Amino acid sequence: MELYINRWAFWAPPCDNQAASPPLDYVPPLLKRRLSQLTRMTIEVVHQVLDAAPESGLVFVSSGGESARQLQVDRMLIEDGGILPAPFSLSVFNASPAMATIALGMKGGYTALFPAQNLFQEGLVYGAAPVMAGETESAILVFADQQLPAEYMAIASPEDIIPPYVASFVLSSVKQPGGMAITLNPEAACIGEAVPYSSLEELITMLKGEASSV
């Protein structure tokens, strides 16, 4: 099935400061000061593409979610024997997309996903599913991961150490000016055959190539 990526955005911190976050000058300071790196990055790339699908829902895909917040909550539980509501509310896996919808006034709802195996290919299929099923004309798909806390870095396997990044894509059944076509095969026997792109990097390289040839 042919779909269109009508807008996309990417953000990552500089190599010499992996803990950096977007400034988010358009977000009220009282809200912004509570946000993690992951949430700030998510808001930034959704903000960049939102005008292409202002009524769309948000699909958020991450391998680690709010790992730093979760570590904070775990430490409180071990050391104090309990947790406070505020830290817990921002530690859950859907905190980033929830805060993005609040900060940007989105009303289309959101879904948070943790793919079991291939983060990118499964995430792309799940994000495109409501569009392919005809349930909605478009959806905003976000892939995001933040810098792991040092405590997790010390025990993580190499494949689990992902540099902080975030990417957003407006997936649609209707092409807008500048939109680029992608093809997915939802009836394929395995996920690798359903998605012709093996990684997020491959898809972005393709999009950059298409944009430069226009």
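The values are calculated or read from the model by the stated rules, or taken from the named source; none is laboratory data. Quantities reported herein were computed from a predicted structural model and do not represent experimental measurements. Neighbour counts are summed over all protein chains in view; Cβ atoms, including those assigned to glycine, are modelled from backbone coordinates with ideal geometry.
Matching residues to (1) of a type in the set (A, V, I, L, M); (2) within 28 Å of Lys32 (Cα to Cα):
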{"position": "Arg75", "(1), (2)": "no, yes"}
{"position": "Phe114", "(1), (2)": "no, yes"}
{"position": "Gly123", "(1), (2)": "no, yes"}
{"position": "Ala156", "(1), (2)": "yes, no"}
{"position": "Ile161", "(1), (2)": "yes, yes"}
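Residues that are more than 13 Å from the chain's Cα centre (by Cα) and not in a helix (DSSP H, G or I) were ranked within the range 55-70; the one that is nearest to Pro130 (Cα to Cα) is Ser56. Across the range 148-170, the qualifying residues are those that are at pLDDT 80 or above and not hydrophobic (A, V, I, L, M, F, W, C), and the one among them that is surrounded by the most Cβ atoms within 10 Å (Cβ to Cβ) is Ser168. Put simply, of Ala194, Ala188 the only residue that is out of contact with any Cys (no Cβ under 9 Å at 6 or more places or on another chain), among the aliphatic types (A, V, I, L, M), more than 17 Å from Val49 (Cα to Cα) and without any contact (Cβ under 8 Å) to a residue 24 or more places away in the chain is Ala188. Candidates are the residues of the range 1-54 that are among the polar types (S, T, N, Q), assigned to a loop (DSSP other than H, G, I, E, B) and in contact (Cβ under 8 Å) with a residue 60 or more places away in the chain; the one that is surrounded by the fewest Cβ atoms within 10 Å (Cβ to Cβ) is Gln18.
Residues that are among the acidic types (Asp, Glu) and under 22 Å from Glu202 (Cα atoms) within the range 134-149 comprise just one, Asp145.
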